[in-house]
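S.K.: Following this message is one structure expressed as structure tokens.
The values are calculated or read from the model by the stated rules, or taken from the named source; none is laboratory data. Being a predicted model, the structure only gives us computed values, none of them experimental. Methodologically, a virtual Cβ is constructed for each residue, glycine included, from the backbone with ideal geometry; neighbour enumeration extends over all protein chains shown.
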Amino acid sequence: MATNPREGAEASRPSVPAVSRKATPALMLLEHSGVQYKLERFKPDRLPAALSEGYGLAAARALGADPDTIFKTLMVKIDDQLWCVVIPVSRNLDFKALARAAGGKRAALAAVTEAERATGYVVGGISPLGQRNRHPTLIDSSAQHLDQVLVSAGARGLDVRLDPRDLARLAGASFASIGRL
């Protein structure tokens with residue numbers, strides 16, 4: 001069940017529906033799943049540090065979140081098949097470990113246009129939830145040890161905080177050691 005950001009950490013259902021007609025597919029999926037989550041917003045255009053330190057780390061700072069708990073969603077090609085991977089913004093993707101975890105030989109980032117077309121989201125706002133087409137998904141194993149993670153809610157400047165086990169279940173994901181410092 002969603003919590004209204006204006007209500008703090010209270011876990012009760014808001015009096016007005018949390019999902020509007022302008023809601024992203026990720027938010028609609030979360031609302032219909034009954035999973036507890038908290039919506040977090042920040043102004044992505046007000047992150048001048050994003051140019052020097054990277055968008056994910058700047059977003060973590062804007063949200064006041066530990067960079068190990070805010071996760072980025074990347075679309076990759078593993079042996080010509082599109083996959084979704086979710087790793088902390090504090091880490092880089094280990095392509096060799098990713099290929100091994102997926103049972104493939106080679107892994108590379110997907111082209112921006114391919115990622116956007118396959119997911120229905122724009123780069124910088126790709127969520128592992130509610131994608132246009134479901135893709136095999138791996139989440140870095142570091143998430144398993146956390147009570148909550150932040151992932152994109154399907155738009156730039158919009159994240160959701162939720163239990164990583166709920167994220168894995170809703171995304172049909174597995175955990176694997178795919179990130180490196």
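S.K.: Mind listing whichever residues of the range 155-170 are over 10 Å from the mean Cα position of the chain (by Cα), closer than 22 Å to V122 by Cα and in a helix (DSSP H, G or I)?
M.R.: A168, L170
S.K.: Continuing with the same structure: Of (1) closer than 23 Å to A111 by Cβ; (2) in contact with a helix residue (DSSP H, G or I) (Cβ under 6 Å, 6 or more places away or on another chain); (3) without any contact (Cβ under 8 Å) to a residue 40 or more places away in the chain, P128 satisfies all except one. Which?
M.R.: The one condition P128 does not meet is (3).
S.K.: Further question: I need the full set of residues from the range 77-98 which are of a type in the set (V, I, T) and under 19 Å from L181 (Cβ atoms), in order please. Let's see the steps before the verdict.
M.R.: Pass one, the range 77-98, residues of a type in the set (V, I, T): 78, 85-87, 89.
Within the range 77-98, V85, V86, I87, V89 qualify.
S.K.: Any idea how many residues of the range 99-118 are of a type in the set (A, V, I, L, M) and closer than 15 Å to S177 by Cα?
M.R.: Total satisfying the criteria: 4.
Residue-wise test of (1) of a type in the set (D, E, K, R); (2) farther than 15 Å from P136 by Cα.
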position	(1), (2)
L57	no, yes
D66	yes, yes
V76	no, no
D80	yes, no
G103	no, no
A111	no, yes
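S.K.: Restricting to the range 108-117, count the residues that are assigned to a loop (DSSP other than H, G, I, E, B) and either surrounded by 15 or more Cβ atoms within 10 Å (Cβ to Cβ) or charged (D, E, K, R) (or both).
M.R.: 1
S.K.: Sort out which residues of the range 77-107 are part of a strand (DSSP E or B) and under 25 Å from A60 (Cα atoms), and write them in order of number.
M.R.: Answer for the range 77-107, where residues must be part of a strand (DSSP E or B) and under 25 Å from A60 (Cα atoms): W83, C84, V85, V86, I87, P88, N92, L93.
S.K.: Test of understanding: among A108, A58, A101, which residue is of a type in the set (G, A, S), free of Cβ contacts under 8 Å to residues at least 24 places away in the same chain and more than 25 Å from M28 (Cβ to Cβ)?
M.R.: None of the other options fit; the residue is A58.
S.K.: Same structure, new question: Working only within the range 118-147, note down all residues that are in a strand (DSSP E or B) and of a type in the set (D, E, K, R).
M.R.: First, the residues of the range 118-147 that are in a strand (DSSP E or B): 137-140.
Of everything in the range 118-147, just one residue is in a strand (DSSP E or B) and of a type in the set (D, E, K, R), namely D140.
S.K.: Identify the residue in the range 124-181 that is buried (at least 17 other Cβ atoms within 10 Å of the Cβ) and acidic (D, E) and, among all such residues, is farthest from P44 (Cα to Cα).
M.R.: D166
S.K.: Just name the residue that is farthest from W83 (Cα to Cα) out of those in the range 124-179 that are modelled with pLDDT under 95 and basic (K, R).
M.R.: By that ranking, first place goes to R156.
S.K.: Filter the range 133-155 for residues that are touching a residue at least 60 places away in the same chain (Cβ under 8 Å) and not small (G, A, S) and give the result.
M.R.: H135, I139, D140, L146, Q148, V149, L150, V151
S.K.: Check A115, A97 and return the single one that is out of contact with any helix residue (DSSP H, G or I) (no Cβ under 7 Å at 6 or more places or on another chain) and either farther than 23 Å from L146 by Cα or among the hydroxyl-bearing types (S, T, Y) (or both). Outline the logic, then answer.
M.R.: Numbers: A97 fails: either farther than 23 Å from L146 by Cα or among the hydroxyl-bearing types (S, T, Y) (or both).
Exactly one of A115, A97 is out of contact with any helix residue (DSSP H, G or I) (no Cβ under 7 Å at 6 or more places or on another chain) and either farther than 23 Å from L146 by Cα or among the hydroxyl-bearing types (S, T, Y) (or both), namely A115.
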